[in-house]
Amino acid sequence: GFQRNRCQKGCVPIMCSVLTDKELSQQAKDYFAQIRKTDRLIQRLKGTVATLRSGLTSQNYELKPDKVQSSGAKNPLESTMIKILDLERQITARIDELATMRNDTFSMIKNVPDLDQQNILIGRYIQLKEWDDIAAELSFSPKWVLKLHGKALLEFYKGNQEFFEKRLKATCEG
């Protein structure tokens, strides 16, 4: 299979070996996992905001605008609102980050020559679909989709080898 030397300047000698196809595929999977993890984090942050908002509506707060000071939260309502606003800023930043990651990944997937493999990678890692759904959309058996997925991961690595080498080098250097 396709392999490349793992040893880079700055790497410790134990890192000097040849990457197997399985390791190359894992490099691609690790890259793709960032999208799913970021999406999950956004969902978790949104859930936290929803929980805080529901806590606001379930409590009886008395608003006294003339007593609100800028030196910090003096009451639970103000404190909760500040937390919500901060979380919403974090969510917006993560959504922007996720959009950039998806755009970058989509551009990298275009380097995979086989269109079925591209479709599988887009379905799984950009649209975050389940295997059975991807198989149904492509009119393939789930087993065949998984086989093509394995090939697609290798092609993704090959088509973006320079990116992965830089990434590995950055990991080796600290």
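Does residue 131 satisfy the condition of being aromatic (Phe, Trp, Tyr) and in contact with a Pro (Cβ under 7 Å, 6 or more places away or on another chain)?
Yes; evaluated as a whole, the condition is true for this residue.
Is there a residue in region 92-104 that is part of a helix (DSSP H, G or I), among the hydroxyl-bearing types (Ser, Thr, Tyr), under 30 Å from residue 56 (Cβ atoms) and open to solvent by 60 Å² or more (accessible area, probe 1.4 Å)?
Checked region 92-104: at least one residue is part of a helix (DSSP H, G or I), among the hydroxyl-bearing types (Ser, Thr, Tyr), under 30 Å from residue 56 (Cβ atoms) and open to solvent by 60 Å² or more (accessible area, probe 1.4 Å).
Taking interchain pairs and intrachain pairs at least six residues apart, which have beta carbon atoms under 6 angstrom, with the first residue in region 20-49 and touching a residue at least 40 places away in the same chain (Cβ under 8 Å) and the second of a type in the set (D, E, K, R) and open to solvent by less than 60 Å² (accessible area, probe 1.4 Å)?
The qualifying pairs do not exist here.
Mind checking which pairs have a first residue in region 92-120 that is in contact (Cβ under 8 Å) with a residue 24 or more places away in the chain and within 17 Å of residue 36 (Cα to Cα) and a second that is open to solvent by less than 70 Å² (accessible area, probe 1.4 Å) and acidic (Asp, Glu), Cβ under 7 Å, 6 or more apart or different chains?
That search, which allows pairs on different chains as well, returns 98/39.
From the list 74, 22, 9, 67, which residue is under 23 Å from residue 124 (Cα atoms), open to solvent by 60 Å² or more (accessible area, probe 1.4 Å), charged (D, E, K, R) and modelled with pLDDT under 95?
Answer to the check: 22.
Which numbered condition in (1) of a type in the set (Lys, Arg); (2) open to solvent by 50 Å² or more (accessible area, probe 1.4 Å); (3) out of contact with any Gly (no Cβ under 7 Å at 6 or more places or on another chain) is the only one that residue 124 fails?
(2)
The values are calculated or read from the model by the stated rules, or taken from the named source; none is laboratory data. These figures come from a predicted structure and were not determined experimentally. When we count neighbours, we look across all protein chains shown, and the Cβ atoms used for this are built from the backbone with ideal geometry, even at glycine. Just the protein is used for accessible areas: all its heavy atoms, side chains included, with ligands, DNA and RNA removed. Shrake-Rupley method; radii C 1.70, N 1.55, O 1.52, S 1.80 Å.
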